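Undergrad: Here's a structure for you.
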Amino acid sequence: MRTPRDQSSDGGAVGSRPRLDARNGLVMLTDLMIWPVSLAIATSFYGNSPTEQLIPVLAVVAVIAQLAIGFATGLYRGHFKRFSFDEAGAVAISAGSVGLLLVTLEFVAANEGRAGQQIVLATSLAACLMFGHRYLRRVRAERIAKATHADMTPVIVCGAGDGGYRASHAMQAAHNSLYRPVALIDDDPARRSGRIGGLR
């Protein structure tokens, strides 16, 4: 009989302890580097401004805040399925929170009439870059998966509804699957030429 302690050691079990692994660490470092880059681009776009002198300080604050909020939301501890809507929501929350903090600091320190515009631009750019590098990682993972599954038996899934999507996704996600879905077939003419989960 397995004890609760044994059950909690399973990756998908309730009560498991997400940790910072190599993949999460790489994603985290990329997110942290994005903030200084975004602030520098926003500064060059707006040119000379009182905020320009604050950029090094704001960059340090942004990195620390992104790290703290990322861990608080579970973004860097594996709490969310990779490339999921939940992860996207956590990215948006962390970037927006950091941006709001920077706008407040800029307003207090510079107290300019257009305070916040430069930070809003940097925050928007940072969020786009965070989403972008995750999307590129997803595309790369899918290409690797397709190359790995090339020797599997190709199958056509009957039904393009929720059941067909779940079946095809399960075959694509299972490392020991013997089958590789290549298309879906359905009797609904409205679904013709559409794509579901990357399958026609």
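Undergrad: What is the extension gain from Y165 to V61, computed as 0.36 nm multiplied by their sequence separation minus the C-alpha to C-alpha distance, in nm to one decimal?
TA: This chain segment gains 33.1 nm when fully extended.
Undergrad: If you count, for each residue, the other Cβ atoms within 10 Å and average over each peptide, how do 51-62, 129-140, 159-170 line up from highest to lowest?
TA: Values: 51-62: 17.8, 129-140: 14.4, 159-170: 16.0.
In descending order of packing, they fall as 51-62, 159-170, 129-140.
Here, each number is a calculation from the coordinates, and none is a lab measurement. Everything quoted here is computed from the prediction, not taken from an experiment. Glycine gets a Cβ as well: all are built from the backbone with ideal geometry, and neighbour counts include every protein chain shown.
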